[in-house]
Amino acid sequence: MKKLFILSTLSILLFSCGKKEDNTNIDTLIKSKNIKELQAKKALIQADLTKIEAALGTIDVKKEEALVSVLAVKDTVFSHYLEIQGNVNTKENILVQPEFQGTLVELNVKAGQRVTKGQVLGRIDDAGLSQQVASLENQYALAKTTFERQKNLWNQKIGSEIQYLQAQTQMISAQRGVAQIKAQLSKTVIKAPFSGTIDEVFVEKGQVVAPSPQGLMRIVNLGNMYVSTSVPETYIGKLKIGTEVEVLLTSLGKTYKGKVRQVGSFLNPSNRSFSIEVSVPNPENLLRPNQVANLKITDYLSKKAIVVPTNVIQEDGQKNKFVYIATNATKTTGIAKKVVVIVGKSSNSVTEILSGLSTEDIIVTEGANTISEGMKLNF
């Protein structure tokens with residue numbers, strides 16, 4: 001406001017010097033050779049010029065002042081994040097394959113159905129294996145009875161040892177034959193390997209099936225989700241199991257709280273990184289395998305830090321980082337002082353100051369690039 005007033009005064013003075021006087025005209029005075037009036041006119045103009053020079057001098061003084069914004073330094077919690085992209089996955093996401101080739105005689109599920117671990121999903125024709133099981137079980141029963149009788153005789157010192165051993169061998173062989181054929185028969189029954197949801201079914205009842213890249217169906221469990229990604233080797237030792245992570249799913253517009261559950265022990269030589277897994281809760285079942293996630297991993301935390309806006313930190317010719325603070329400060333004015341600082345990590349447009357500032361300092365936040373040390377500050 002003071003500058004506007006001074007400029008307005010200058011404009012009025014200049015206008016006053018340039019306008020034509022009603023009572024006295026300079027040209028008329030010259031023609032009339034009225035020396036006395038000319039001298040009076042000269043004195044009047046010189047007085048106006050003196051006022052103008054004084055006003056200009058006032059403007060020059062005001063150039064040593066600056067209008068700025070300031071902020072009082074306070075202790076605060078400062079966190080530094082590693083921001084990196086990853087993919088959502090689940091360990092329980094598989095294609096169910098048949099272990100036995102044949103005709104699919106039962107198909108008990110459909111897409112979208114919830115199943116439990118061990119539930120029968122379908123059956124394949126056993127091609128007569130069940131009849132073989134019955135025959136071998138009869139043989140085993142006979143061999144077992146023969147062995148038990150031979151054992152009783154042997155205990156009574158009746159018969160030879162070779163007869164006893166032959167009966168025992170026949171019984172064991174028959175027992176193993178039954179177990180083997182039952183194991184083959186069990187492969188005709190398709191069971192759920194874990195609890196989850198049938199995502200897709202690729203076959204129909206009556207179709208001849210065999211192991212293939214497509215499989216019979218896909219089963220997915222969304223209750224054990226995690227995000228996998230690779231981290232630069234510079235963070236070895238900084239990331240540990242249990243480290244908290246913010247997981248942002250841009251496709252959902254949601255942020256989840258996760259934790260590092262696995263840290264890789266192998267360093268990829270091609271990109272100098274190691275893998276991590278971050279467990280993510282999925283209470284609403286909105287997460288899906290292969291979704292893109294943005295991770296914010298806390299790798300540094302200070303509960304009592306001095307931070308300043310990053311854009312107020314400047315660098316001088318000696319590569320020193322510095323900020324301006326207001327000394328002798330009142331509510332509206334102060335004196336600019338250059339303070340060299342040592343900076344730490346930066347995050348979210350603020351930087352931690354390790355030394356150089358205290359909680360009693362008032363830093364210049366806006367207008368810092370236009371001031372110099374000793375300048376009067378108005379705020």
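The values are calculated or read from the model by the stated rules, or taken from the named source; none is laboratory data. The structure presented is a predicted model; accordingly, all values stated were derived computationally and were not measured. With ideal geometry, Cβ positions are generated from the backbone for all residues, glycine too; neighbour counts draw on all protein chains shown. SASA here: full protein model, heavy atoms, side chains in, ligands and nucleic acids out. Shrake-Rupley method; radii C 1.70, N 1.55, O 1.52, S 1.80 Å.
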Restricted to the range 154-178 and to residues being surrounded by 15 or more Cβ atoms within 10 Å (Cβ to Cβ) and either touching a Pro at 6+ places or on another chain (Cβ under 6 Å) or of a type in the set (A, V, I, L, M) (or both), the residue nearest to V133 (Cα to Cα) is V178
G112: under 32 Å from the mean Cα position of the chain (by Cα), modelled with pLDDT of 90 or more and of a type outside the set (D, E), yes or no? yes
If I go through the range 71-129 residue by residue, how many of them are open to solvent by 50 Å² or more (accessible area, probe 1.4 Å) and within 30 Å of K304 (Cβ to Cβ)? 8
Can you tell me how many residues in the range 236-268 are farther than 10 Å from I297 by Cβ, at pLDDT below 90 and of a type in the set (D, E, K, R)? 1
Take I181 and decide whether it is part of a strand (DSSP E or B), buried (at least 17 other Cβ atoms within 10 Å of the Cβ), more than 28 Å from the chain's Cα centre (by Cα) and not small (G, A, S). no
Residues being closer than 10 Å to V364 by Cβ and of a type outside the set (F, W, Y) - total across the range 324-337: 5
Looking at (1) touching a residue at least 12 places away in the same chain (Cβ under 8 Å); (2) farther than 22 Å from Y81 by Cα; (3) open to solvent by 90 Å² or more (accessible area, probe 1.4 Å); (4) touching a Ser or Thr at 6+ places or on another chain (Cβ under 8 Å), can you tell me which one R288 breaks? (4)
Residue selected from the range 347-359 under the condition of a type in the set (V, I, T) and open to solvent by 30 Å² or more (accessible area, probe 1.4 Å), by the criterion nearest to the chain's Cα centre (by Cα): V350
Boolean, G317 is open to solvent by 50 Å² or more (accessible area, probe 1.4 Å) and within 30 Å of K338 (Cβ to Cβ): yes
Against the condition hydrophobic (A, V, I, L, M, F, W, C) and in contact with a Leu (Cβ under 9 Å, 6 or more places away or on another chain), how does V350 come out, does it pass? no
Filter the range 325-346 down to residues that are over 33 Å from the mean Cα position of the chain (by Cα) and among the small types (G, A, S) and give me whichever is surrounded by the fewest Cβ atoms within 10 Å (Cβ to Cβ). A329
Do we have V133 as under 17 Å from K191 (Cβ atoms), touching a Leu at 6+ places or on another chain (Cβ under 8 Å), β-branched (V, I, T) and buried (at least 16 other Cβ atoms within 10 Å of the Cβ) here? no
Could you please let me know if K303 is open to solvent by less than 80 Å² (accessible area, probe 1.4 Å), assigned to a strand (DSSP E or B) and closer than 30 Å to S228 by Cα? no
Residue count, the range 172-205, condition touching a Ser or Thr at 6+ places or on another chain (Cβ under 7 Å) and of a type outside the set (S, T, Y), comes to 2
